[in-house]
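Before any comments, here is the structure.
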Amino acid sequence: MSQMKWEKLLSRKRSGISQPEKSEEGRSHFQKDIDRIIFSSSFRRLNHKTQVHPLPQNDNIHTRLPHSLEVSSVGRSLGKKVGERLGDELKYIGIEPSDLGDIVQAACLAHDIGNPPFGHSGEEAIRYWFKENINQPFLQDLSPKQFNDFANFEGNAQGFRIITQLEYYLLEGGMRLTYATLGTFLKYPWTSDLLSIAGKKKYGCNQSEQEILQEIATELGLIEQSATAWCRHPLAYLMEAADDICYALIDLEDGIEMGFITYDEVVEILQTVVNFDEISSFHPSCEGNDLRSRRIAIARGRAMNVLIDGVVNTFILQKDDLLNGSFKYEDLIEACGSNVQACIVMAKNTAKRQIFNSPRKLQLEIGSHTTMEILLDSFIKAAYAFKIHQDGEIFPFKHGRMLDLMGSHQPKRSWSLYHSYMHVLDFISGMTDNYATHIAKQLRGLAD
């Protein structure tokens, strides 16, 4: 059975450039990846994009940016601890434990960078628009594979497009990250056609980036599953675990803050891995909600330590299966079993039952669907009109101004309809919640 090799999986080479980049004093190749992501405009905009609650009025509630930072912190710990446990396996190829921490941290920072406005609700709105019968006349010239990219729109695939194509070096490597970081970022290293062929639930690469995916897989030595699908990079499982840990536990704190979950319910979940009796007493001035929030914060930190250690132990136990592509579990959390899995499952089920179905969240999600529908109706139809426009015909003024509004994403006459629509989604998915709402209101006002 073939096995992936660490010396290839941890490649320092960069996508988009032919020559190896020189090392820099005081900053490793993988630390450069971290810096490039943090200083990008796409990462900065995450501060005004939905994590769970659209357009939160409470400043304590997480948006995508603090969530990504927290995930990166947990990911760094997971990567470094795994690196320390691997020891000599990495030492002989010149890789330090901290390098693994940096790789996983970089991937975690970028893991949500492709999310559209309003989070998963925004994703669903985009998918729905492209599947609606009324919009099919605008999609007839797309191939089935191209249509799949739009009808199954994935923030993961959009994020891959951003970091490899759109940021910094446009269509020439994007951020030019190391192959090790790109492989770790690829949670779903296959294209959208696998959703129907192989029954995959999600995908991580659009048809427009298929050659880049092939290039990354070849450089890293990922095990090929089909013509457009490969096994995950082992470190991608650590990125996923970091996201699961933060997503589950932080949702609980946000839930208390917004009044969707009680303090006692959160205590019950955290007690699967933490003994609250061992949390030391507080200053007498702490009382009521202040005391409860401090106890939850400390318990959450201790819970994260337990979960991190559980994931690291499981990664080492499952290392060979991860390297040869025979890992049989859905993710590392499932493979952990016992109290680690129980804590995450309880947290997610509670959030699904009491947070995701809260009336305010449902109302805002309905509004976000309407907002996305207005944007897609306007900009996709303008791009279509531009594509079929014949010389000598009068081009509608309103469509022309919409295309002007797209700036660098404005379609060119030479582009295919697929690439024109991809740039429309680059423009719309890059919007913050507030900007999307503002533009939709302006467009609706013009329509009225």
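The values are calculated or read from the model by the stated rules, or taken from the named source; none is laboratory data. This one's a predicted model, so the numbers in the text were calculated from it and none came from an experiment. Counting neighbours? That spans all protein chains shown, and the Cβs are built from the backbone with ideal geometry, glycine included.
Data for the structure
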item: Lone qualifier among E96, E124 - being among the charged types (D, E, K, R) and closer than 24 Å to V74 by Cβ; result: E96
item: Counted residues, region 221-264 - those being closer than 30 Å to L362 by Cβ and either among the hydroxyl-bearing types (S, T, Y) or without any contact (Cβ under 8 Å) to a residue 24 or more places away in the chain (or both); result: 5
item: Filtered residue count, region 1-43, keeping only those that are surrounded by fewer than 12 Cβ atoms within 10 Å (Cβ to Cβ), out of contact with any helix residue (DSSP H, G or I) (no Cβ under 6 Å at 6 or more places or on another chain) and in contact (Cβ under 8 Å) with a residue 40 or more places away in the chain; result: 2
item: Complete set of residues in region 311-331 that are aliphatic (A, V, I, L, M) and touching a residue at least 24 places away in the same chain (Cβ under 8 Å); result: V311, V312, I316, L322, L323
item: So L182, is it under 18 Å from the mean Cα position of the chain (by Cα), closer than 21 Å to F327 by Cα and in the same structural domain as P117 (by TED's automatic domain parsing); result: yes
item: Enumerated helices (runs of 4 or more DSSP H) restricted to region 210-274, each holding at least 3 residues that are of a type outside the set (V, I, T) and surrounded by fewer than 19 Cβ atoms within 10 Å (Cβ to Cβ); result: 210-220, 263-270
item: Members of region 275-309 found to be part of a loop (DSSP other than H, G, I, E, B), β-branched (V, I, T) and under 33 Å from the mean Cα position of the chain (by Cα), listed by number; result: none
item: Condition met for F150 (crowded, with 19+ Cβ neighbours inside 10 Å and at pLDDT 95 or above); result: yes
item: Test result for P189, surrounded by 22 or more Cβ atoms within 10 Å (Cβ to Cβ) and over 21 Å from G430 (Cβ atoms); result: yes
item: Inter-residue pairs, beta-carbon under 6 Å, first closer than 10 Å to T164 by Cβ and in contact (Cβ under 8 Å) with a residue 24 or more places away in the chain and in region 202-220, second part of a helix (DSSP H, G or I) and of a type in the set (D, E, K, R), 6+ apart; result: E209/R161
item: Of all residues making up region 167-187, the number that are at pLDDT 95 or above and at negative phi; result: 12
item: Residue match in region 126-139 (condition: in contact (Cβ under 8 Å) with a residue 24 or more places away in the chain and under 30 Å from I245 (Cβ atoms)); result: yes
item: Qualifying positions in region 331-350 - crowded, with 18+ Cβ neighbours inside 10 Å, more than 19 Å from G301 (Cβ to Cβ) and either aliphatic (A, V, I, L, M) or touching a strand residue (DSSP E or B) at 6+ places or on another chain (Cβ under 8 Å) (or both); result: L332, A335
item: Residue within region 59-80 that is assigned by TED's automatic domain parsing to the domain that holds T181, farther than 24 Å from G204 by Cα and in contact with a Pro (Cβ under 9 Å, 6 or more places away or on another chain) present; result: yes
item: Given (1) surrounded by 21 or more Cβ atoms within 10 Å (Cβ to Cβ); (2) on the phi > 0 side of the Ramachandran plot, index of the condition G114 fails; result: (2)
item: Boolean, A347 is under 30 Å from D141 (Cα atoms) and either outside the structural domain of G75 (by TED's automatic domain parsing) or among the basic types (K, R) (or both); result: no
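Results for (1) β-branched (V, I, T); (2) more than 17 Å from K381 (Cα to Cα); (3) in contact (Cβ under 8 Å) with a residue 40 or more places away in the chain; (4) part of a helix (DSSP H, G or I), shown as yes or no for each residue.
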{"position": "S414", "(1), (2), (3), (4)": "no, yes, no, no"}
{"position": "I428", "(1), (2), (3), (4)": "yes, no, yes, yes"}
{"position": "M431", "(1), (2), (3), (4)": "no, yes, yes, no"}
{"position": "N434", "(1), (2), (3), (4)": "no, yes, yes, yes"}
{"position": "H438", "(1), (2), (3), (4)": "no, yes, no, yes"}
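The rows are residues; the columns are (1) at pLDDT 95 or above; (2) touching a Leu at 6+ places or on another chain (Cβ under 8 Å); (3) surrounded by fewer than 16 Cβ atoms within 10 Å (Cβ to Cβ).
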residue: G400; (1), (2), (3): no, no, yes
residue: D404; (1), (2), (3): no, no, yes
residue: H409; (1), (2), (3): no, no, no
residue: S414; (1), (2), (3): no, no, yes
residue: S420; (1), (2), (3): yes, no, no
residue: H423; (1), (2), (3): yes, no, no
residue: S429; (1), (2), (3): yes, no, no
residue: H438; (1), (2), (3): no, no, yes
residue: Q442; (1), (2), (3): no, no, yes
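Yes/no per residue for (1) crowded, with 22+ Cβ neighbours inside 10 Å; (2) more than 30 Å from K381 (Cα to Cα); (3) at pLDDT 95 or above:
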{"residue": "V104", "(1), (2), (3)": "yes, yes, yes"}
{"residue": "C108", "(1), (2), (3)": "yes, yes, yes"}
{"residue": "G122", "(1), (2), (3)": "yes, no, no"}
{"residue": "F130", "(1), (2), (3)": "yes, no, yes"}
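One line per residue, one yes/no per condition, for (1) buried (at least 18 other Cβ atoms within 10 Å of the Cβ); (2) among the β-branched types (V, I, T); (3) in contact with a Gly (Cβ under 8 Å, 6 or more places away or on another chain):
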residue: I163; (1), (2), (3): yes, yes, yes
residue: E167; (1), (2), (3): yes, no, yes
residue: T181; (1), (2), (3): yes, yes, no
residue: D193; (1), (2), (3): yes, no, no
residue: Y203; (1), (2), (3): yes, no, no
residue: Q207; (1), (2), (3): yes, no, no
